[in-house]
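Visitor: Here it is, the structure, as structure tokens.
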Amino acid sequence: MSIKLMFKTIFYYIIIFSNLQITFSFLNFLSHHNLIKYKNDKNNIVVITPTYFRKTQIPDLLRVGLSIKEAQKETNIIWIIVEDHDIIQNNIGKIIGSLKIKNYIYTAIKTQYHSCHRGITQRNYGLNITRNIIYYINDKNNNYYKKQEKNIGDNIMIYFGDDDNTYLPSLFSNIAKNCSRKVCVFNVGLISGRNFEGPKISKTNKKIVIGWHTSWRNDRKYAIDMAGFTFKGSILIEKENLFFQDNTKCGKQEDDFIQKIAENIKKDVEALDTDKILVWHTKSFSS
């Protein structure tokens, strides 16, 4: 283990073990954060956001952050922002901090491999942090290395919220309150040349998925965008090796990941809000 990784590991255990708002100025080269005692109820969601330097990075993050801040009025959200860099960027940390968002962690890890899948390293790093958070907010007896409950993490949803998408705040509350199965899927607007992509539903039951509205790669079992699904935190505890893989074929990252979680589409997957669009696959450009 490298010295940098060792210090990062120690740092995150310090975060998980603290019950108070924490600010470690001497560790700001590792993370910028505001993590307070988290409520342990059924309306929890962890949002993992990979990010990287570009001219529109700050306005993109501001747009996501403002949606999350508004959603926090009725939903318990932890926002994990992972920079594609060896260290965090102070200007980004200050911008995120200025939003006064409760429960966020801004950290950094450099992409470890290069392929057609941007953000794999950062999402996987976010998943590791989330595992620790799940133990933290479910712990009752300060036994941080022991599973206290059979279904630990069932009260937490995990969502990959890329930094260049546009989100209605109600998306996060709908995910936290209404998803009851292992995986929930929903529409994503402005994608693949279509107005939206998302699940096709049964005529007799709006929650049962029978196919997909998509114009691209119909061979996928789960033809959904990264912004179009969420899953229960208990799965991260059950499947300790659940990560995105670099050797996945281009365009099948989401499909391969969900197949590790949901074997039976009718039993394990639930459609949410198929009559609405609450997230759009947008791209910003500098003028």
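No value in this document is a laboratory result; all are computed from the given coordinates. From a predicted model like this one, the values you see are computed outputs, not experimental measurements. Cβ atoms come from the backbone with ideal geometry, glycine included; neighbour counts cover every protein chain shown.
Visitor: Length gain on complete extension for the stretch Ser284 to Lys55, per 0.36 nm per residue less the alpha carbon to alpha carbon distance? If you can, show how the numbers build up before the last one.
Guide: Numbers: separation 229, 0.36 × 229 = 82.44 nm, distance 0.92 nm.
Once the chain is fully extended between Ser284 and Lys55, it gains 81.5 nm.
Visitor: Based on DSSP, what percent of beta bridges with both residues in the range 182-279 are antiparallel, to the nearest 5? Please report the intermediate quantities before stating the final value.
Guide: Working: 10 of 13 bridges.
Roughly 75 percent of the beta bridges in the range 182-279 run antiparallel, per DSSP.
Visitor: Describe numerically, in nm with one decimal, the distance between label points set 7 Å from Cα along Cα→Cβ at Asn91 and at Lys276.
Guide: 3.6 nm
Visitor: Neighbour counts of other C-beta atoms within 10 Å: give me Lys182, Lys102 arranged from fewest to most.
Guide: Lys102, Lys182
Visitor: Step through the table entries Lys73/Lys203; Lys102/Lys200; Lys69/Lys276, compare each Cα-Cα distance with 29 Å, and write down the pairs that go over it.
Guide: Values: Lys73/Lys203 35 Å; Lys102/Lys200 36 Å; Lys69/Lys276 22 Å.
Pairs exceeding 29 Å: Lys73/Lys203; Lys102/Lys200.
Visitor: Okay, next question. Which whole-angstrom value gives the distance between the alpha carbon centres of the range 68-102 and the range 164-222?
Guide: Between the Cα centre of the range 68-102 and that of the range 164-222, the gap is 25 Å.
Visitor: With r defined as the distance between the Cβ atoms of Glu74 and Ser180 and R0 fixed at 22 Å, what FRET efficiency is calculated, to the nearest 0.05? Write down the numbers at each step before the final one.
Guide: Values: r = 19 Å, r/R0 = 0.84.
In this case the efficiency is close to 0.75.
Visitor: List Glu83, Glu74, Glu240 from most exposed to least, where exposure is judged by having the fewest other Cβ atoms within 10 Å.
Guide: On the way: Glu83 24, Glu74 14, Glu240 8.
By the 10 Å Cβ count, ascending: Glu240, Glu74, Glu83.
Visitor: May I pose another question? Going 7 Å from the Cα of Lys203 in the Cα-to-Cβ direction, what parts of the range 256-285 have a backbone nitrogen less than 16 Å from that spot?
Guide: none
Visitor: How do Ser202, Ser286 line up, fewest other C-beta atoms within 10 Å first? Mind dumping the intermediate values first?
Guide: Details: Ser202 13, Ser286 7.
Going from least to most buried by this count: Ser286, Ser202.
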